[in-house]
Amino acid sequence: MKNISDDVPIGCIKAHHAGPQIAAHNPDTRAFGISRALCPGCQSFFRRYAQYRGASIAVSTPVQGYIFRSNGTVIPVPRQEP
């Protein structure tokens with residue numbers, strides 16, 4: 001299996017975050033669960049990824065959810081307490 005960081009310049013730590021790795025290894029998936037809050041770089045990745053895929057992408061984190069739309073907009077979805 002190819003490592004996602006193989007095509008990333010040295011020093012680019014964002015390639016090692018779970019979100020981009022999950023997306024790269026599951027290109028047909030449109031909903032992802034991430035165990036940590038998304039860093040700004042990962043948020044940017046998913047925004048561009050949704051545009052590239054031409055489809056909305058949903059990402060859920062322990063802090064909140066996000067819907068990244070194919071037109072480049074991001075809809076934050078606050079987590080609701082049970």
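Quick notes on this one:
- Ordering of 27-36, 72-81 by packing is 27-36, 72-81, highest average first (other Cβ atoms within 10 Å, averaged per residue).
- Shape index of segment 33-74: Rg/Rh, with Rg the Cα radius of gyration and Rh the Kirkwood radius from the inverse mean 1/r over Cα pairs, equals 0.95.
Every read-out reported here was derived from the displayed coordinates using simple, explicitly stated rules and does not represent laboratory data. Note that the coordinates shown come from a computational prediction; the quantities given were computed from them, not determined experimentally. Cβ coordinates were reconstructed from backbone atoms using ideal geometry, including for glycine residues, and neighbour counts include every protein chain displayed.
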